[in-house]
Amino acid sequence: MARGIQVGDKAPDFTLPSQSGAPVRLYDRLDDGVVVLYFYPKDETRGCTAEACAFRDSHEVFTDAGAEVIGVSSDSVHEHAAFAARHNLPFTLLSDEEGQVRKDYGVPSVLGIIPGRVTYVIDRQGTVRHVFNSLTNTDKHVNDALDVVRNIQTEDPV
């Protein structure tokens, strides 16, 4: 696998369907502010549900800091819609069923079979400002991303 996207790299642009079926283009979302893009293995698994709920519980703080949270997995649009409804997720979930965006970002697999869990913070210019890779430390994904978003806001208040 190619080297994964690192801090300082330009984030690859993409368009994927959201849980509503509507297409979402990353760079269109960057027009509105910082994007916290997190890749996760699977809807309704223990760790992924905990991570999604942690982002949900911090959603207002991210929004107030000028950031949008977007989750990506290979689950279908229908599965994402059910997952978002069941857990009251106020943010966008994108369906990468073919795994192409995961591959473009170089998100690693664990043991070659379990899709990895990686969070990227991408500034308005499309530059990756933070990368955190951990399958098990779900809280750190949220806390670290929030710290970086706040730092970006301090550097460049909108």
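Some notes on this structure:
- Inverting the pair-averaged 1/r between distinct Cα atoms of region 50-128 gives 13.8 Å as its Kirkwood hydrodynamic radius.
- Computed on region 64-151, with alpha-carbon pairs under 8 angstrom and 6+ residues apart, the relative contact order is 22 percent.
- Probe 1.4 Å, accessible area per residue of region 1-123, Å²: 45
- Kirkwood Rh in Å, taken over all unlike Cα pairs in region 30-71: 10.9
- Protein-only accessible surface order, largest first, of SER20, SER58, SER73 at 1.4 Å: SER20, SER58, SER73
- Whole-Å distance, taken between Cα centres, linking region 62-138 and region 7-55: 4
- Ligands, DNA and RNA left out, the 1.4 Å accessible surface of the chain is 49% carbon and sulfur atoms.
- Mean Cβ count within 10 Å, highest first, over the residues of peptides 109-116, 37-44: 37-44, 109-116
- For the chain, average projected area of the Cα convex hull in nm²: 8.2
- For region 1-85, the mean projected area of the C-alpha convex hull, equal to one quarter of the hull surface, is 6.5 nm².
- Were the residues from ASN133 through ASP64 laid out at 0.36 nm apart, the gain over their Cα-Cα distance would be 22.4 nm.
- Of the GluC sites (Glu not before Pro) in region 78-113, the ones in a loop by DSSP (not H, G, I, E or B) with at most 10 other beta carbons within 10 Å are GLU98.
The values are calculated or read from the model by the stated rules, or taken from the named source; none is laboratory data. These figures come from a predicted structure and were not determined experimentally. Positions of Cβ are backbone-derived with ideal geometry, glycine not excepted, and every protein chain shown enters the neighbour counts. For the accessible areas, the whole protein counts, side chains as well, though only heavy atoms, and no ligand, DNA or RNA atoms are used. Shrake-Rupley method; radii C 1.70, N 1.55, O 1.52, S 1.80 Å.
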